[in-house]
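Comments concern the structure below.
Just so you know, all these numbers are worked out from the coordinates, no wet-lab data involved. Just so it is clear, the model here is predicted, and its values are computed rather than measured. Note that we place each Cβ from the backbone using ideal geometry, even for glycine, and neighbour counts take in every protein chain shown.
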Amino acid sequence: MKYIIIALVLCLTGCAGTVPVTMSFPQVPEELKTACPDLKTIPEGTTKLSEVVTVVTENYGQYQECKIKIDAWTQWYNSQKKIFESIK
Amino acid sequence: MFTWLIEHTLLLLPTWFWFVIAGAGAVLYFFSGFIQAIPFAQARLAGLSVKYIGLALLLGGVYLTGGAGVTALWKAEVREMQDKVTAAENKSKETNTVIQTEYRDKVKTVKEVQIVLQERIVKEAEKMDAECKVDAEAISILNQAAGGKK
């Protein structure tokens with residue numbers, strides 16, 4: 001009789017199965033997918049300071065844009081990670 | 001095949017059905033003793049058969065009752081998880097929109113500043129070029145720095 005009781009308790013566990021629930025990989029804004037361009041160079045042979053300043057200023061601008069992009073990536077990663085961890 | 005059979009036949013049956021099966025098994029098992037007590041050789045054999053059939057029904061019924069319970073728990077958990085995933089996906093899209101808007105605004109500001117600076121350079125170019133002549137070596141150094149190569 002005790003074996004029957006043990007068998008009944010074991011049987012109560014039934015047959016369990018796993019149903020996968022998957023979350024689609026979060027999409028990144030399209031603008032962030034483009035690579036940062038190379039810095040511009042000054043035309044060889046120029047002696048004009050204004051041309052140098054023009055190129056240097058453009059490069060500074062390019063750096064600023066790239067910095068914004070990297071900051072956006074960091075923000076995107078941190079926020080998506082937080083969202084992903086919230087569903088565990 | 002076995003999983004398909006479980007999912008499409010056994011687990012579709014209501015939980016009470018398995019209770020009934022288990023109950024019937026228990027009743028058969030209980031009454032098998034009375035059948036065996038009848039003083040005939042055939043009755044003893046029949047009683048033994050009923051006992052094992054009852055036992056099999058009892059164990060099977062209890063097993064599938066447990067299975068139905070576990071399935072119900074899993075289904076509830078899956079539903080809850082699915083809701084969480086949907087909410088997370090929506091939140092993810094909203095976050096993307098915020099990041100995209102912030103990015104566009106900041107880049108727009110940088111481009112506006114660039115336009116202002118280029119206008120200033122054009123305006124001051126004559127003065128700058130008159131007062132300073134850039135050496136070719138300086139250009140070479142700046143270009144090498146921009147290229148980041150040895």
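Scanning the stretch B:82-104 for residues that are of a type in the set (Gly, Ala, Ser) and surrounded by 14 or more Cβ atoms within 10 Å (Cβ to Cβ) yields a total of 2. Taken over the stretch A:33-51, the residue count meeting the criterion of being part of a helix (DSSP H, G or I) and either surrounded by fewer than 16 Cβ atoms within 10 Å (Cβ to Cβ) or within 7 Å of chain B (Cβ to nearest Cβ) (or both) is 3. Within the stretch B:105-137, being assigned to a helix (DSSP H, G or I) and surrounded by 14 or more Cβ atoms within 10 Å (Cβ to Cβ) holds for B:Lys106, B:Val107, B:Val110, B:Val113, B:Gln114, B:Leu117, B:Gln118, B:Ile121, B:Ala125, B:Met128, B:Asp129.
Within the stretch B:105-150, restricting attention to residues that are at the interface with chain A (Cβ under 7 Å from one of its Cβ atoms) and basic (Lys, Arg), the residue that is nearest to A:Ser79 (Cα to Cα) is B:Lys106. Quick check on the stretch B:51-81: of everything there that is of a type outside the set (A, V, I, L, M) and exposed (fewer than 14 other Cβ atoms within 10 Å of the Cβ), which residue is farthest from the other protein chains (Cβ to nearest Cβ)? Filtering first and then ranking leaves B:Tyr52. Checking each residue in the stretch A:70-85 for being under 16 Å from B:Thr101 (Cα atoms) and at the interface with chain B (Cβ under 7 Å from one of its Cβ atoms) picks out A:Ala72, A:Gln75, A:Trp76, A:Ser79.
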